[in-house]
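The values are calculated or read from the model by the stated rules, or taken from the named source; none is laboratory data. Since the structure is predicted, the reported quantities are computational estimates derived from the model, not experimental observations. Here Cβ is always computed from backbone atoms with ideal geometry, including for glycine, and neighbour counts include all displayed protein chains.
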Amino acid sequence: MSILVTGGAGYIGSHTCLKLIEAGHEVVLLDNFCNSHRSVLAGLEAIVSKAPVDEAPAKKAPVDKAGAGKTGMGKALVLVEGDVRDAGLLGQVFAAHSIEAVIHFAALKAVGESVQRPLDYYDNNLSGSLVLLKAMREAGVKTLVFSSSATVYGNPTQVPIREDAPLEATNPYGHSKLMVEGILENVCQADAAWRVARLRYFNPIGAHESGLIGENPQGVPSNLVPYIARVAAGKLAKLQVYGGDYPTRDGTGVRDYVHVMDLAEGHLKALEYLHAHGGLLTLNLGGGRGYSVLEVLRMFEQVSASPVAFEVVPRRPGDVAECWADTGAALKILGWKAQRNLATMCLDTWRWQKQQA
Ligand code: NAD
Ligand code: UD1
């Protein structure tokens, strides 16, 4: 299949592109690089060609700003540099490539920032999805995998969280995801030809085992594991543990961490399912168990053999004590279950971190 991947240069998108290419699909990667780096292409190419990154031709290949750019991976990966809100560009992309399905990652994703800049979040996440859906309809492409988030469960009333748990938005980011989920439901109700998966990710961490692609947040990370990795690498002094008085086994917050490569594999399975069955699919993608902040920290210290200094500070506003997924539906429907454990997640993050300047 030829698959359009919006936001394909980002953290989850890049790992998913790799899996798609490895499975023999042709990828059209559309990204405006507002939260990613062109260097991810060199990493992808090095992995695909199994060449050392320095020898990867993508490093030298020019990126064609006008549209489809050469990536050194031929038809396996075509880069379109642009914005998902650009209807004209999307029309060109659908006209130029025989796209059969779309995976829509492109979005802004920082919860705190969404509170400060709500209009930017609604514009990017909501308008971006609307423009994309209309372009898909015009092109007759009706298969879509959408990146949703566990944030749609708001403050969960019980764990593990099932897909039929109450939904709630506690910030503009979460609201934008909930709204797009609702729009997708309406679209599927109106036209049975649509095949849509709404995948609710829990806490993706880790990196490709090569260490050549990974999560590269701009500035100081706000998420736990990228922050811990930088403390272990000596780039940040110490971790602030937000709250030591939660009703959890050690008082720190419990989350469901899932390896980004497991997540990438989940997207492939979702596409296969949609291809075979159609309909509207809504699934949690998580590891299916919770780890506390201190458990993650200790594991990271172990695999990196580096101390991670920390201090316990007051709770972060908006955080919940525990959030982890019931992943039974993904197993039953897709046959998908996260395979990589916390040690692997931390080790792969560490391998990636060590390669960063
Ligand atoms: P990311 O920021 O690394 O990737 C998003 C990519 O989209 C970036 O490359 C960015 O440049 C691009 N982008 C953003 N707006 C764009 C636009 N208007 N046009 C074109 N490209 C645009 O984020 P990620 O962690 O890979 O997340 C991917 C998706 O998964 C997002 O929709 C996010 O909300 C969702 N999600 C992420 C997490 C997480 O913890 N990482 C959890 C739940 C859901
Ligand atoms: C956050 C977002 C969520 C988003 C996810 C992935 C909020 C409220 N939720 O989830 O919508 O999908 O990121 O991008 O922002 N922690 C520390 N110190 C730190 C950082 C985190 O103690 O410096 C703790 C947190 O309190 C939490 C755990 O580590 O208990 C995980 O935090 P984080 O990685 O930010 O993810 P979430 O808060 O679960």
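Structure notes:
- Restricting Leu285, Leu263 to those that are aliphatic (A, V, I, L, M), touching a strand residue (DSSP E or B) at 6+ places or on another chain (Cβ under 6 Å) and within 20 Å of Asn155 (Cα to Cα) reduces the list to Leu285.
- The set of residues in the stretch 319-337 being touching a residue at least 60 places away in the same chain (Cβ under 8 Å), more than 16 Å from ligand 2 (Cβ to nearest atom) and of a type in the set (A, V, I, L, M, F, W, C) consists of Ala329, Ala330, Ile333, Leu334, Trp336.
- Pairing residues of the stretch 121-135 that are in contact (Cβ under 8 Å) with a residue 24 or more places away in the chain and more than 19 Å from Thr170 (Cβ to Cβ) with residues that are aromatic (Phe, Trp, Tyr) and not in a helix (DSSP H, G or I), at Cβ distances under 9 Å and at least 6 apart in sequence or on separate chains, gives Ser129/Phe146.
- For the stretch 199-220, filtered to residues that are in contact with a Lys or Arg (Cβ under 9 Å, 6 or more places away or on another chain) and under 26 Å from Glu322 (Cβ atoms), the residue that is farthest from ligand 2 (Cβ to nearest atom) is Ala207.
- Only residues that are among the aliphatic types (A, V, I, L, M), touching a Phe, Trp or Tyr at 6+ places or on another chain (Cβ under 6 Å), within 16 Å of ligand 2 (Cβ to nearest atom) and assigned to a helix (DSSP H, G or I) were counted across the stretch 91-142, and they come to 1.
- Filtering the stretch 104-126 to residues that are over 15 Å from Asp83 (Cα atoms) and among the hydrophobic types (A, V, I, L, M, F, W, C) leaves Ala110, Val111, Val115, Leu119.
- As for the stretch 81-91, it holds at least one residue that is among the basic types (Lys, Arg), modelled with pLDDT of 95 or more and surrounded by fewer than 23 Cβ atoms within 10 Å (Cβ to Cβ).
- Single residue of Ala330, Ala357, Ala321, Ala305 found to be aliphatic (A, V, I, L, M) and under 21 Å from the mean Cα position of the chain (by Cα): Ala330
- Whichever residue in the stretch 221-243 is more than 9 Å from ligand 2 (Cβ to nearest atom) and in contact with a Lys or Arg (Cβ under 9 Å, 6 or more places away or on another chain) and, among such residues, is nearest to Trp336 (Cα to Cα): Ala229
- Whichever residue in the stretch 196-235 is out of contact with any Leu (no Cβ under 8 Å at 6 or more places or on another chain) and among the hydroxyl-bearing types (Ser, Thr, Tyr) and, among such residues, is nearest to Glu265 (Cα to Cα): Ser210
- In the stretch 320-338 there is at least one residue matching the filter, namely being assigned to a loop (DSSP other than H, G, I, E, B) and of a type in the set (Asp, Glu).
Residue-wise test of (1) closer than 24 Å to Leu20 by Cβ; (2) touching a strand residue (DSSP E or B) at 6+ places or on another chain (Cβ under 9 Å).
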{"residue": "Gly140", "(1), (2)": "yes, no"}
{"residue": "Val145", "(1), (2)": "yes, yes"}
{"residue": "Ser149", "(1), (2)": "yes, yes"}
{"residue": "Pro172", "(1), (2)": "no, no"}
{"residue": "Leu178", "(1), (2)": "no, yes"}
{"residue": "Lys238", "(1), (2)": "no, yes"}
{"residue": "Arg249", "(1), (2)": "no, yes"}
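- Qualifying residue in the stretch 190-202 (condition: small (Gly, Ala, Ser), within 16 Å of ligand 1 (Cβ to nearest atom) and over 26 Å from Glu113 (Cα atoms)): yes
- Residue match in the stretch 33-41 (condition: in contact with a strand residue (DSSP E or B) (Cβ under 8 Å, 6 or more places away or on another chain) and surrounded by fewer than 19 Cβ atoms within 10 Å (Cβ to Cβ)): yes
- Meets criteria (at pLDDT below 90, surrounded by fewer than 19 Cβ atoms within 10 Å (Cβ to Cβ) and closer than 27 Å to His175 by Cα) for Gly112: yes
- Within the stretch 268-289, the set of residues being crowded, with 22+ Cβ neighbours inside 10 Å and either farther than 22 Å from Asp164 by Cβ or hydroxyl-bearing (Ser, Thr, Tyr) (or both) comprises Leu271 only.
- Considering the stretch 31-75, the residues that are among the charged types (D, E, K, R) and not in a loop (DSSP other than H, G, I, E, B) include one that is modelled with the highest pLDDT, namely Asp31.
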